[in-house]
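Each reported figure results from applying straightforward, stated rules to the coordinates on display, with no laboratory input. All of these numbers come straight from a predicted model, not from anything done at the bench. In this analysis, Cβ positions are derived from the backbone assuming ideal geometry, glycine residues included, and neighbour counts consider all displayed protein chains.
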Amino acid sequence: MNDINWMEFREHVPGKIQTVLLPTGTLEAHGVVNNGADNTAPVALARAMAPRVNAMVAPVVNHGITGSLDGYAGTFSISEAAYRVFLTDIFQGLARSGFRNIIVINGHGGPQTAVLNELAEKTGREHRVRTLVVNWWAYCSDVTMKTFGEDGGHAGWNETAFIQAIDRKLVHPERDQPAMATVRPPAGTWSAFPFPSSIILYQPGQGYPKFDQAKADAYFSAVTDKMTALVQETIGKWDQAGLFR
């Protein structure tokens, strides 16, 4: 959408293309990869998926609701109130533009996920469009286990590998220090602000980045395949059911 003009858009939407992929993320510390990892990942995914699902890629929403890491340099958060208003207008704009399927490829979790789910459903009801919101790393947790043989984490082996597969220049293993990681505390046990590490492991002793390029490339490919299959299957079932046609 960012690179075509209005005449080209009109020629393609909705006559030839009815699906839009909307990457969403934020800016926050990610260990030894770029602060914009939550933007880099969904943008690359959307671009890889678009030809396979006959979709157009919307510009990334690159600021979001960052949580306990926004004390780190270059990391900051958009208020939930502002985010809600902005995303509401984006969803409505995509619906009014003629897209029937609005697929959100989300790169950042926490409260942001709940807001996206709520606003996407509201847009679907009001505009009679079909919406899907996917947290790519969560949906592909089985791919993480299969590729690396262990669980991942925020800026862990899985997310770091994903960025490594996209652009090696964004990964700086020379800055790696084991003390940069902390295991995510069980719910209700303790909380800290800022969180003491920007690498947050899901399981003790698992998921610390190892910078294996072959596994990074395999992971990106497998995640892309699984995400593509989800979108294809969901749209197929919407069509089969005759929903909002």
Checklist entry - For the chain, what does the alpha-carbon gyration tensor say about shape, rounded, prolate or oblate, given a ≥ b ≥ c as the root eigenvalues, a/c under 1.5 as rounded, and a/b over b/c as prolate? => result prolate
Item to check | Helix-only [θ]222 nm of the chain, DSSP H runs n ≥ 4, -39500 (n - 2.57) each, per residue, nearest 500 | outcome: -14500 deg cm²/dmol
Checklist outcome for this item: Largest fluctuation, Gly152, Gly205, Gly109 only, Gaussian network model of the chain with Cα springs under 10 angstrom, belongs to Gly205
Next on the checklist: Quick check on the exposure proxy: order Glu126, Glu118 from fewest to most C-beta atoms within 10 angstrom.
Outcome noted: Glu126, Glu118
Checklist entry - With a ≥ b ≥ c the root eigenvalues of the C-alpha gyration tensor of the range 173-245, is it rounded (a/c under 1.5), prolate (a/b larger than b/c) or oblate? => result oblate
Next on the checklist: Suppose a student asked you for the relative contact order of the range 154-245, using Cα pairs under 8 Å spaced at least 6 residues apart; what percent would you report?
Outcome noted: 40
Checklist outcome for this item: So for the range 25-154, using the alpha carbon gyration tensor with a ≥ b ≥ c as root eigenvalues (a/c under 1.5 gives rounded; past that, a/b versus b/c decides prolate or oblate), I'd call it oblate
Item to check | Percent antiparallel among DSSP beta bridges (both partners in the chain, rounded to 5) | outcome: 15
Checklist outcome for this item: Inter-part gap, Cα centre of the range 196-245 to Cα centre of the range 1-40, in whole angstrom, is 17
Item to check | Cβ-defined net charge surrounding Val33, 13 Å radius [Lys, Arg +1; Asp, Glu -1] | outcome: -3
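Where does each of Met180, Met49 land when they are ranked from fewest to most other beta-carbon atoms within 10 angstrom? If you can, show how the numbers build up before the last one.
On the way: Met180 17, Met49 23.
Least to most surrounded, the residues fall as Met180, Met49.
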Next on the checklist: Given an 8 Å cut-off on Cα distances and at least 6 residues of separation, report the relative contact order of the range 6-241 as a percent.
Outcome noted: 22
Checklist entry - Around Gln232, what is the net charge, scoring Lys/Arg as +1 and Asp/Glu as -1 over all other residues with Cβ under 12 Å from its Cβ? => result 0
Checklist entry - Exactly which trypsin sites (Lys or Arg not before Pro) in the range 1-75 are in a DSSP loop and have at most 16 other Cβ atoms within 10 Å? => result Lys16
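Less than 14 Å Cβ to Cβ from Trp136, Lys/Arg counted +1 and Asp/Glu -1: what total charge do the surrounding residues give?
Result for the neighbourhood of Trp136: -2.
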